[in-house]
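One structure below.
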Amino acid sequence: MTTSAYLSFVVLAIIFLFLLLAIGYATKRWTKNAEDFVLSGRETGTFVGATSMLAIIYAGTIFVLLPNFAMLFGFWGAAAWAICLTIGYIIYTLAMGSVARRCGATTLSEWMETRFDGRVRTITAIGGLLGMSGILANNIASFANSLSAYLGIQTWIAVLACFVVMLIFTYFSGMWAVNATNIFQGIMGVILIPLFVILVAYRTGGLAALEANWPGPGDWMTSGLTGNSLSTVSLRYPSVLTFSILLGFFLIWGSNYYYLRIASARNEKTAKRSMISASLVAVPLLMLPLCLAGSFIATLYPTTFKPIGTLAGTAAYGFMLANLGAFIGALMMVSTMAAAISTGSTALIGATSLGSRDIYQRNFNPDATPEKMLKPTRLIMLLIGIVTLILCFFPGGPTYLFAFANAWLGPPAVLLVLGVFWRKLTPTAAFYSVLAGMLVMAVLTVLDDITGIWRISQYMHVGIAGLIVTLGLALLLNPFCKSKYYGAPDWNADAKTGRREALKPEPEDVEILKLIASGIDQMVEIVDYSGRDSRFSSRCVERLDRGGYIQREKLSGAGFYSFSITETGKAALPAGTDTERRLEALRLTPFTLNYLERLIASQEEGIKWLTEQGKTAGQIIAINSALFRKGYVGEAGMLRRVYYATKKAKQTVGEFAQKAV
């Protein structure tokens, strides 16, 4: 590396790190409790959500794996990785976008308790911690490979430096800081990666030169430097089948940070639009260009990379940047560093939420408020970060570390799919199947990767074994176990036609019933309003449903978390006035009508009035969410949400004002 390139990198890195820490410190004032730290107040809009997803995709992983796979298996071998991941994103978003945003659970493991029981929550949180920690370590280790090749430094130095910066950055304000920086990182990615490929292609001589000078024995599109092609249906990693299972299914469905991305969105449409748009943009502007770059780099340096040379193919990106112009190479490396730290921070928050909410708070401090949980959450984050540092040196490097991390997300992914779309899956079958799947993978990982006593990798990837055990045992045990009440054959969503029980609502059930009657009738709004773990609200809702006071929209999918009050439920509440009954027909109350009247003046006036009425931040979010769904409140703003009264709200307030006169 030349002196000018080194100086360019140092200067740009210092500027970037200063801005990163400044943003983290500036957004610290927006983080008032643990919910803000993990979900950024459910304020993520479409643009911020999309750029955040792009920043997640534009991470150390794709810089390392895609060029390496192109060298090993040809362009289409690397492209298969990208395509499997993208299809997985789209399917997950369409199937789970509404469920994850509507169910009210902050974490995936928290959802496991509301659907099954506390045992399942704890065991999936442990597995999720292993998986998320592995993904975090992979992002840092991947970037460290590129940075060490670029600067010519020891890998462990690069790993340690990234960890220190990431921990300090995330400690300040969690998801708020990540969202703020992701805007710039996502935009930089879709600009710099195509530029990188153009520069490498120019060095090579373009596609014609690539076709003519490909050093491998086969075609550059379908085979690597040694003539190997990617297997399609092999159970061994890598193959198209294992890509589909580990990336398209395990990584996405079992990962807490994709779940958090949806749960932190302003509404369901925002969540879906941001994830799908980012996925579609990433294919032509991020992933496929890096696949092509790998082929160009192999043509330029045919004897440099393994298995022909001595340098690991995972270092190809950093190696190539060191051979570009001083400034452009430094700029791209700093941009890569930004993406690695940002994605690592998202993974760290995902792991932290599991450790703090699903293990610490759930089992040791259940009555802690979101405000009191902020400090323990930050301390748990630091502990997880330090422990994860060890995983950065996993045997086999980033390629196998990524597969290892994804494998641990497999059993929770299986339970998520079955639990959401199959109401008859029992808590007992869920617990023993996920426990068995994780234990089998733990034992096989020790036998294979750690000790080498017996290598299952000769036959299949350890994640495939976990999938077979989890799914098979769940299906085998389920007929012999008791399901929850809504899994019974004679249970119907319609309270009039289905069986109900003679249950008298508890005092806390009545409070939930009042919320549903007032229009706060989705689980996420009920949870936000109560300010407690979703398991408490879920228990109340289940008792009300069993007693026939409310009914669910559907018995599976997103409709499972939408409720309506029945005639029995209305009879359990005090009779309303004529005005209250007229407002009820419009899904309003005198309280929300008064709020809309003030919101028409300004958001500041409306929020001030709600605060004066003693409403918490979570309750304000819940009230506006319900009014947004009913068309009375609109949302705007890029980073922070801005509420405004819609035309429908103004007409309704005006009509009632005239009647009052």
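Pairs needed: first member in region 515-529, assigned to a helix (DSSP H, G or I); second member anywhere, open to solvent by 20 Å² or more (accessible area, probe 1.4 Å) and of a type in the set (D, E, K, R); C-beta distance under 6 Å; at least 6 residues apart or different chains.
Here the result reads V524/R102, each pair linking region 515-529 to a residue that is open to solvent by 20 Å² or more (accessible area, probe 1.4 Å) and of a type in the set (D, E, K, R).
Can you tell me which of S229, S255, S295 is closer than 17 Å to L72 by Cβ and open to solvent by less than 10 Å² (accessible area, probe 1.4 Å)?
Matching residue, one of S229, S255, S295: S295.
Looking at region 161-176, can you tell me whether even one residue there is outside any helix (DSSP H, G or I), out of contact with any Cys (no Cβ under 8 Å at 6 or more places or on another chain) and either at pLDDT 75 or above or buried (at least 22 other Cβ atoms within 10 Å of the Cβ) (or both)?
The answer is yes, given that some residue of region 161-176 is outside any helix (DSSP H, G or I), out of contact with any Cys (no Cβ under 8 Å at 6 or more places or on another chain) and either at pLDDT 75 or above or buried (at least 22 other Cβ atoms within 10 Å of the Cβ) (or both).
Of the conditions (1) closer than 25 Å to F196 by Cβ; (2) in contact with a helix residue (DSSP H, G or I) (Cβ under 9 Å, 6 or more places away or on another chain); (3) not polar (S, T, N, Q), Y258 satisfies every one except a single condition; which number is it?
If we test Y258 against (1) closer than 25 Å to F196 by Cβ; (2) in contact with a helix residue (DSSP H, G or I) (Cβ under 9 Å, 6 or more places away or on another chain); (3) not polar (S, T, N, Q), just (1) comes out false.
Of all residues in region 462-473, count the ones that are open to solvent by 20 Å² or more (accessible area, probe 1.4 Å) and of a type in the set (S, T, N, Q).
Total meeting the criteria: 0.
I'd like to verify a number: residues in region 353-376 that are of a type in the set (S, T, Y) and at pLDDT 85 or above, how many?
Selection size over region 353-376: 2.
Picking from Y317, Y237, which residue would you name as being closer than 24 Å to M132 by Cα and surrounded by 24 or more Cβ atoms within 10 Å (Cβ to Cβ)?
After applying the criteria, what remains is Y237.
Quick one: count up the residues across region 422-449 that are surrounded by fewer than 23 Cβ atoms within 10 Å (Cβ to Cβ) and in contact with a Cys (Cβ under 6 Å, 6 or more places away or on another chain).
Matching residues across region 422-449 total 2.
For T616, all conditions in the list (1) touching a residue at least 60 places away in the same chain (Cβ under 8 Å); (2) over 24 Å from T270 (Cβ atoms); (3) among the β-branched types (V, I, T) hold save one; what is the number of the exception?
It is condition (2) that T616 fails.
From G452, G437, which residue is under 23 Å from the mean Cα position of the chain (by Cα) and either part of a loop (DSSP other than H, G, I, E, B) or not aliphatic (A, V, I, L, M) (or both)?
G437
Is it fair to say I198 is buried (at least 24 other Cβ atoms within 10 Å of the Cβ), among the hydrophobic types (A, V, I, L, M, F, W, C), out of contact with any strand residue (DSSP E or B) (no Cβ under 6 Å at 6 or more places or on another chain) and closer than 23 Å to L286 by Cβ?
So I198 fails the test.
So which residues in region 298-307 are surrounded by fewer than 17 Cβ atoms within 10 Å (Cβ to Cβ) and in contact with a Pro (Cβ under 7 Å, 6 or more places away or on another chain)?
Correct list: P302 only.
Can you go through A177, A149, A137 and tell me which one is more than 12 Å from L348 (Cβ to Cβ) and touching a helix residue (DSSP H, G or I) at 6+ places or on another chain (Cβ under 9 Å)?
Every option except A149 fails the conditions.
Hey, can you tell me all the residues within region 211-225 that are under 38 Å from the mean Cα position of the chain (by Cα) and open to solvent by less than 40 Å² (accessible area, probe 1.4 Å)?
Scanning region 211-225 gives W220, S223, G224, L225.
Answer with yes or no whether G318 is more than 21 Å from A79 (Cβ to Cβ) and in the same structural domain as R203 (by the TED database).
So G318 fits the description; yes.
Take R261 and tell me if it is out of contact with any Leu (no Cβ under 9 Å at 6 or more places or on another chain), surrounded by fewer than 20 Cβ atoms within 10 Å (Cβ to Cβ) and in the same structural domain as M112 (by the TED database).
no
Only one of A645, A601, A636, A626 is modelled with pLDDT of 90 or more, under 27 Å from T369 (Cα atoms), hydrophobic (A, V, I, L, M, F, W, C) and in contact with a strand residue (DSSP E or B) (Cβ under 9 Å, 6 or more places away or on another chain). Can you tell me which?
A626
May I ask you to list the residues in region 259-294 that are under 19 Å from Y58 (Cα atoms) and polar (S, T, N, Q)?
S274, S277, S279
Search region 390-418 for residues being modelled with pLDDT of 80 or more and not β-branched (V, I, T), and hand back the single one that is farthest from V159 (Cα to Cα).
L418
In region 221-244, what count of residues is obtained for those that are touching a Ser or Thr at 6+ places or on another chain (Cβ under 7 Å), farther than 14 Å from Y459 by Cα and assigned to a loop (DSSP other than H, G, I, E, B)?
Qualifying residue count, region 221-244: 5.
Could you please let me know if S40 is within 25 Å of the chain's Cα centre (by Cα), open to solvent by less than 50 Å² (accessible area, probe 1.4 Å), at pLDDT 80 or above and of a type in the set (S, T, N, Q)?
Taking the combined requirement at face value, the residue does not satisfy it.
For A493, work out the one condition from (1) over 26 Å from the mean Cα position of the chain (by Cα); (2) under 26 Å from V633 (Cβ atoms) it doesn't fulfil.
(2)
Please work out if T122 is in a helix (DSSP H, G or I), at pLDDT 80 or above and either touching a Ser or Thr at 6+ places or on another chain (Cβ under 6 Å) or open to solvent by 30 Å² or more (accessible area, probe 1.4 Å) (or both).
Yes, satisfied.
Considering only residues that are under 33 Å from the mean Cα position of the chain (by Cα) and open to solvent by 20 Å² or more (accessible area, probe 1.4 Å), which ones fall in region 474-487?
Correct list: L475, L476, L477, P479, C481, K482, S483, K484, Y485.
Within region 496-514, restricting attention to residues that are in a helix (DSSP H, G or I) and open to solvent by less than 20 Å² (accessible area, probe 1.4 Å), which residue is nearest to A572 (Cα to Cα)?
Step by step, filter region 496-514, then rank; the result is L513.
The values are calculated or read from the model by the stated rules, or taken from the named source; none is laboratory data. As the structure is a prediction and not an experimental result, all values here were calculated from the model. Counting neighbours? That spans all protein chains shown, and the Cβs are built from the backbone with ideal geometry, glycine included. With ligands, DNA and RNA removed, areas are computed over all heavy atoms of the protein, side chains included. Shrake-Rupley method; radii C 1.70, N 1.55, O 1.52, S 1.80 Å.
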